[in-house]
Amino acid sequence: MFLVQKLKTLIATALLGSPFLSLALPPAGWAVGEAVSVTKEAPKVETKTFDHNNPGAEVPIKGREAATTHCSYDYFVDIGLENLASKRNGETYAYTFKVTRLAVRLTLPITFWLPDTVNKRLQEHEDGHRQIYEEIYGGAEKIAQRQAQELLGETFIGVGKTQEDAQDDAKTKIGLELNRRYGREILSYAKLVSQLYDNATRSGTNRTPVFLAIREAFLQAWFLSLTKKH
C-alpha cells in the first residue's frame, strides 16, 4: 500500500506529497508580455538510508512498512492582476481583479527512504514508484499550461485594508485554485496508479516484474477512467 502526505501497510510504500503552492518569482526565461508561461524542472531524486531497528521520527514509515518513496508535485506561480473595481466596507476594501498573467514553475522532488537491510527486490519495487511518478510528471507541463490558460481573464475578489493587501488576498485565492486543479489531475492520478501498482505487486512481496506491474497499473487506471465517464 502507499501513504499520501496529509491524506493518506505492509512491506513497501509510496509516500505522495500534496501539491505545494508558492507565490514565487517568474520562472527563468519568462518573457515580458507573455500571458501564460510554464517551466517544468527535471525531477530530483535522492536516497536516504535509515536503521531498520530504529528508524527515527523523521522516517515516514508506519507499522510493518520496510521502505517508502516520497514525491511531491510542487507548483509555484507568479500572478499578474488588473484592478477592475473596488468597494469599501467599513475599514476594508473589496477589489475585483482580473488575471492577466500566470508564470508557473513545476518541480518533482523524489526521495527513497530505504532501510540499511534493503534487498534488490524491495529496491526495485520502490524504483517502480519513481518511474510512475516521473511518467505522470511527463505530461504535467501541458496540463498546467491548459489550466493556467483556462484561468486567464477570470476575475477574483480580494479583501484588505489596502489595495496591496487585497491584491495579496486575491493572489492567494488564485494560487489555491490553480493548486487544486493541478492536484486533482496530477496528484489524484498518481495516487491511483501507485495504489494499483502496489496491488499488482502486493507491495513488493510477489515476483511480478516491476515493468509489467507498472503497465498493468496504468492500464487499470485507464479502464477506471472510462468507467467513470460512463
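Throughout, read-outs are computed from the coordinates displayed, never taken from laboratory work. This one's a predicted model, so the numbers in the text were calculated from it and none came from an experiment. Glycine also receives a Cβ, built like all others from the backbone with ideal geometry; neighbour counts cover every protein chain displayed.
For the charge dipole of region 96-230, defined by +1 on Lys and Arg C-beta atoms and -1 on Asp and Glu C-beta atoms about the Cα centroid, which residue among Leu122, Leu219, Val193 has the Cα displaced farthest towards the positive pole?
Most positive-ward Cα: Leu219.
Sticking with the crude label model, points 7 Å out along Cα→Cβ, report the distance from Glu216 to Arg64 in nm, one decimal please.
Taking the two extended label points, one gets 1.9 nm.
Using per-residue counts of other Cβ atoms within 10 Å, averaged over each peptide, order 211-221, 183-193 from highest down.
183-193, 211-221
Extending each Cα 7 Å along its Cβ direction at Asn119 and Ile157, get the distance between those two points in nm, one decimal.
Result for the modelled spin labels: 6.2 nm.
May I ask which of Lys40/Lys191; Lys62/Lys120; Lys40/Lys98; Lys40/Lys171 have a Cα-Cα span longer than 23 Å here?
Violating the 23 Å limit, Cα to Cα: Lys40/Lys98.
Between Asn199 and Glu135, how many nm apart are label points set 7 Å from Cα along the C-beta direction?
Rounded to a tenth, the inter-label distance reads 1.6 nm.
Quick one: Cα centre-to-centre distance for region 52-72 and region 186-223, in angstrom?
What the calculation gives is 20 Å, centre to centre.
Taking a threshold of 31 Å on the Cα-Cα distance, which of the pairs Lys48/Lys228; Lys87/Lys142; Lys173/Lys228 fall above it?
From Lys48/Lys228; Lys87/Lys142; Lys173/Lys228, over 31 Å: Lys48/Lys228; Lys87/Lys142.
DSSP loop (so not H, G, I, E, B), at most 11 other Cβ within 10 Å: list which GluC sites (Glu not before Pro) in region 148-182 pass both filters.
Listed in order of number, the matching sites are Glu154.
Taking 0.36 nm per intervening residue step and subtracting the Cα-Cα distance, what contour gain separates Gln145 from Asn83 on full extension?
19.9 nm
Going by average Cβ neighbours within 10 Å, how do the peptides 143-149, 202-208, 57-63, 124-130 rank, with the highest at the top?
124-130, 143-149, 202-208, 57-63
Please give the contour-minus-distance gain from Glu34 to Asn206: 0.36 nm per residue of separation, less the Cα-Cα distance, rounded to one decimal in nm.
Extra length from Glu34 to Asn206 when fully extended: 56.9 nm.
Please work out how much length the chain gains when fully extended from Glu91 to Arg180, using 0.36 nm per residue of separation minus the C-alpha to C-alpha distance, in nm with one decimal.
Residue separation times 0.36 nm, minus the Cα-Cα distance, leaves 28.9 nm.
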